[in-house]
1. Can you tell me which condition D245 does not meet? The list is (1) acidic (D, E); (2) touching an Asp or Glu at 6+ places or on another chain (Cβ under 8 Å); (3) within 21 Å of F163 (Cβ to Cβ); (4) outside any strand (DSSP E or B), and all the others hold.
2. Quick check on region 103-140: of everything there that is of a type in the set (V, I, T) and open to solvent by 20 Å² or more (accessible area, probe 1.4 Å), which residue is farthest from ligand 1 (Cβ to nearest atom)?
3. If we keep just the residues of region 151-177 that are assigned to a loop (DSSP other than H, G, I, E, B) and in contact with a Gly (Cβ under 7 Å, 6 or more places away or on another chain), which is least open to solvent (accessible area, probe 1.4 Å)?
4. Kindly indicate the residue of region 73-102 that is closer than 22 Å to N137 by Cβ and assigned to a loop (DSSP other than H, G, I, E, B) and also farthest from ligand 1 (Cβ to nearest atom) among those meeting that condition.
5. Could you please find all residues in region 65-97 being within 15 Å of ligand 2 (Cβ to nearest atom) and either open to solvent by 40 Å² or more (accessible area, probe 1.4 Å) or within 15 Å of F135 (Cβ to Cβ) (or both)?
6. Can we say A180 is part of a loop (DSSP other than H, G, I, E, B), of a type in the set (A, V, I, L, M) and either farther than 30 Å from V226 by Cα or out of contact with any Cys (no Cβ under 9 Å at 6 or more places or on another chain) (or both)?
7. Checking the condition crowded, with 23+ Cβ neighbours inside 10 Å and over 30 Å from R171 (Cα atoms), which residue from G100, G58 passes?
Amino acid sequence: MTTQVSTKAGSSRSARPGQATLITVAPTGAESEKSAVPALPVTLDELVTTAKECREAGAAVIHVHIRDDAAKPTLDLGRLTDTVHALREATDLIVQLSTGGAVTDSFDRRLAVLDAGPDACSLTCGTVNFGDDVFMNPWGFMKELYAKTQTLGVVPEFELFDFGHIAALHRLLGELGEPAGGHVHCDLVMGVPGGMPGDAATLVQAVSALPAGATWSATGIGRSSVPVLFAALAAGGHLRVGMEDTVTFARGRAVASNAELVERAAAAAELAQRPAMSPADARAMLGMADER
Ligand code: KMH
Ligand code: ZN
């Protein structure tokens with residue numbers, strides 16, 4: 001594994017021509033209501049079915065938020081653990097649990113997510129206005145969460161909603177060292193009301209500020225999902241798509257399933273001559289051990 005962790009911005013953050021595209025699916029999130037979005041997978045059965053369909057369509061990673069029996073977001077540890085096992089049983093996808101949860105979740109609950117034994121987790125690198133809410137990620141919490149990923153060997157994906165988050169990522173790596181797996185992988189989350197806008201110029205600027213040697217994906221929220229997808233491919237990045245980020249496939253047309261978002265991403269990646277990456281190749285890229 002060629003690994004370079006640097007706290008300085010540098011070059012070579014883009015995929016080589018012909019290198020495959022890592023596609024992450026984020027199927028559920030914590031924000032949409034099942035009653036408003038009936039296609040949203042909220043039960044374990046629905047999530048497993050979605051995972052299989054998305055794997056078939058070209059996803060290599062699944063970013064997981066779960067719901068309770070009333071379809072409300074939960075970080076219940078037993079449910080999270082069962083979910084990790086069920087997804088592993090049914091697919092070879094990399095299972096990445098959200099440590100962001102919902103804006104109402106406590107720091108303690110968010111830290112405890114790692115005890116469910118996922119392959120990977122999200123780790124947001126700073127607080128951000130989040131629509132009418134605030135998504136809290138103060139420095140002390142970030143550090144504690146990152147240290148726990150290192151102790152448990154869970155591979156973090158650094159979620160970057162704004163430019164200050166990139167500065168905080170450099171600081172985190174400088175103070176605590178390299179992540180589990182030794183490789184830095186980031187996700188630019190663009191177009192959140194309160195975060196950086198989802199457009200090509202912003203994406204290029206953000207990528208140029210990432211640590212040297214880092215790989216990155218990007219996702220655009222809502223109407224920025226398609227422009228960010230094409231900008232990410234053009235700039236040599238990887239992709240995240242899913243109903244966590246958009247519930248509209250095209251103007252006036254609701255998303256029918258997560259799989260159709262993955263299919264669209266895989267088709268665009270194929271056109272860009274960087275076809276979808278297998279989970280095994282994604283594990284190698286991220287410095288992960290083989291399937292657990
Ligand atoms: N639901 C958002 C408040 C993550 O998964 O780590 C946070 C979020 C980020 O979705
Ligand atoms: Zn999430």
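1. (2)
2. T127
3. So in region 151-177, the residues assigned to a loop (DSSP other than H, G, I, E, B) come out as 153-154, 161-162, 177.
Then drop every residue that is not in contact with a Gly (Cβ under 7 Å, 6 or more places away or on another chain), which leaves 161-162.
On the way: F161: 17, D162: 50 Å².
Step by step, filter region 151-177, then rank; the result is F161.
4. D76
5. H65, P73, L75 - these are the residues of region 65-97 that are within 15 Å of ligand 2 (Cβ to nearest atom) and either open to solvent by 40 Å² or more (accessible area, probe 1.4 Å) or within 15 Å of F135 (Cβ to Cβ) (or both).
6. The answer is yes for A180.
7. Checking each option against the conditions leaves just G58.
To keep it simple, each residue is scored yes or no on (1) touching an Asp or Glu at 6+ places or on another chain (Cβ under 8 Å); (2) surrounded by fewer than 22 Cβ atoms within 10 Å (Cβ to Cβ); (3) in a strand (DSSP E or B).
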position: D187; (1), (2), (3): yes, no, yes
position: R223; (1), (2), (3): no, yes, no
position: A232; (1), (2), (3): no, no, no
position: L239; (1), (2), (3): no, no, yes
position: E260; (1), (2), (3): no, yes, no
position: E263; (1), (2), (3): no, yes, no
position: A268; (1), (2), (3): no, yes, no
position: Q273; (1), (2), (3): no, yes, no
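The values are calculated or read from the model by the stated rules, or taken from the named source; none is laboratory data. Note that this is a predicted model, so its numbers are computed, not measured. A quick note on method: Cβ atoms are made from the backbone with ideal geometry, for glycine too, and the neighbour counts reach across all protein chains shown. Note: accessible area is taken over every heavy atom of the protein model, side chains too, but ligands, DNA and RNA are not part of it. Shrake-Rupley method; radii C 1.70, N 1.55, O 1.52, S 1.80 Å.
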